[in-house]
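Taking it in order: structure first as structure tokens, then the write-up.
What follows draws every value from the coordinates through simple rules; no lab data is involved. Since the structure is predicted, the reported quantities are computational estimates derived from the model, not experimental observations. All Cβ positions, even for glycine, are placed from backbone atoms using ideal geometry, and neighbour counts span all protein chains on display.
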Amino acid sequence: MSDAVRATALGLAGPEGAGVCPLLHMAEAITVLWTRYLRFDAADPRWLDRDRFVLSAAGGTPLLHALLHLTGDGRDAGARAAAAPAGNGFALGRDGAAELAAGLAGQGVAAAVGMALAERMLAARFGRSLVDHRTWIIASAGDLAEGAGQEAIALAGHYRLDRMTCLFDDGPDDGAAAWAIEQFRRLASGGWAVKQVDGDDPAQIAGALSFAIRSKKPTLIACRTRQSPPGAARSDGGDLAALPEQEAERWQLAGRRGAAARRSWLKRLARHPRRPEFERVMAGRLPETWQDGVATLKAAFAQSQQAVAPSEASERVIEAFLPTVTELLAGAVRGGQARGLAEVTPGSFGGRSLDFGFGKHGMAAALSGLASHGGLIPFARSSVVASDWVRPALRLDAMLGQRVIHLLTHGPDGGAGGGPPWPAEHLPSLRAMPGLLVFRPADAVETAECWELAMRRGDGPSLLVLAEQSLPALRAEAAENRCARGGYVLAEADGPRHATLIATGPEVAVAMEARHLLAAGRIAVAVVSLPCWELFEVQDAAIRAQVLGAALRVGIEAGNGFGWDRWLGEDGVFIGHSGRGASVYAPCGDRPPDITAAEVAASVRRRLGDLGFETDLPLEGSTE
């Protein structure tokens, strides 16, 4: 049966593409897995208790196209291959029996660890009558060598994820043999079971897969293969229509092998007392009362008018969500556990807080897998500097539309105080990523509103950049989520606008103070809070024009000005920090010393003077 996989994969690649499938020699191992062990039903490929299959080695995408075609998922193989971007399988993120088939090396392995964790956690919550499946991975040497893969492997060993099996492409490069042996030793010492087999011998492969099912540890199966296994299809590609009828029927039967298990599961689901809740969380729907606790908290923030750090406000928002949104799951590095959440421990998966140790790469990618599995809404704390490690997984989340929430603070790994400097270029670089919502709230009410928007979003990741210093309360009302449009007028000018100050995060308070200084000089200024550029950009042009106004526009943000020109126009001014890679905050605190209300007011006056406005009146508190 493996010859059919090779021929179909090569037929999809075409005569010029015979070398685009480096995993072709893994066809025997994949065939044994798909026809005898992988539990799925081609008639319902998204069956909730199906086994999860991850092709971490994205170079094998043609093999996956072939498998989906042969097992009869109802789609034309050539059309599917044409729909996938060249050189990877991002379009397969939600295709057929495959969960994931792309990403940088190691991302798929780490995402699979997240899926295996999700299976254990949901089984602890709903019982094994509803959640009882396995996670299978096809990995390359690069997947095991890269940082994300190594961190994920350690995580799987730590949590003893025994329902996870990784088939490793161990050949045919003899020069990598010493490296592979070292990897096997490392995995064995890290809590994995390791089996080495002849990757061209179906009996050995089946024996190893049966061993993995019985094992009490996650299992790595190293498949040693030859470059051209016996019976390999010719290298110029095959004819998709030339598959013998008997061979085609065998593959169609393999695609229906899980039908009986699915029907039995559906009967159990129909009788299960927690069916409504299970179907709700797996569909990604929030409970009807999910906003009630946060609405009360927002009203309290607005009424008290106390200065609160957005990072602290975020913790209180999470606490308000926890009783109702039971699928909310916290992740952190260096033991930063969430308040009010029990920790997940090896062998005990009933908690809702995961400790990822020091593995930021692996944490971010595992969150992708947790979200992809369904049934959980993962969020994680880290730092703005650490977003460089999070970025590959964020990009994959954005492409696949995964609901993952990242909380980035100014301190180290989400902790308060000290730590690395706030980098000038990170905000614009994160905003440049398509499909990612970047929020930078200015006070406690905005923090709660940004959290609501991130929770409501079911088709992509969100990132909240949270200041750790106490910020003054700017909003005295909280009935309407004003952040939902991405930007709004926080304070209108007293009379026709001379200028509009546009700011994000802590700099909104600076803008409000500058407005007061300018008003004393009879310069009418409005203040616009712009917590989410991406949401503001999709508003009608008329709404954006009404918010930003026709007067001079001044952007204020602790960072460089890349991207601000879209809001400021030709005559606008940006006040921030131009040094790439430099810290924009003082060593002893979070407030940028080079952005003060007096400087903003002076800059507005100078620019208005350049544009021909009379600005001779002294500003309140100035020495002019």
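A few comments on the model shown:
- For a label point 7 Å along the Cα-to-beta-carbon line of ALA524, residues of region 476-492 with backbone N under 13 Å: 492
- Hypothetical label at ARG275: residues of region 121-135 whose amide nitrogen lies under 14 Å (7 Å Cα-Cβ projection): 130
- Taking Lys and Arg as +1 and Asp and Glu as -1, the other residues whose beta-carbon sits under 12 Å from that of GLY293 total -1.
- For the pair region 260-307 / region 469-496, the C-alpha centres are spaced 30 Å from each other.
- Top positive-direction residue, dipole computed over region 114-210 with Cβ charges, set PHE126, TRP192, PRO202: PHE126
- In plain terms, the residue of GLU327, GLU99, GLU249, GLU312 with the fewest other Cβ atoms within 10 Å comes first and the most crowded comes last, giving GLU249, GLU312, GLU327, GLU99.
- Cross-link partners of LYS195 among lysines (Cα-Cα below 20 Å; sequence separation of 8 or more within a chain): LYS216, LYS217
- Sorted by Cβ density within 10 Å, fewest first, the residues MET26, MET121, MET1: MET1, MET121, MET26
- Taking a sphere under 15 Å around the Cβ of LEU328 and counting the other residues whose Cβ falls inside, with K and R at +1 and D and E at -1, yields a net charge of +3.
- Each of LYS217, LYS360 was scored by other Cβ atoms within 10 Å of its Cβ. Listed from fewest to most, they are LYS217, LYS360.
- Dimensionless Rg/Rh of region 292-466 - Kirkwood Rh, Rg from C-alpha atoms: 0.94
- Straight-distance crosslink candidates among lysines, where the alpha carbon sits under 26 Å from LYS267 and sequence neighbours closer than 8 are dropped: none
- Mean shadow area of region 380-501 over all directions, Cα convex hull, nm²: 8.8
- Computed with the Debye formula from one identical point scatterer per Cα of region 486-610, without solvent, the log10 of I(q)/I(0) at q = 0.09, 0.16, 0.18 Å⁻¹ comes to -0.23, -0.73, -0.92.
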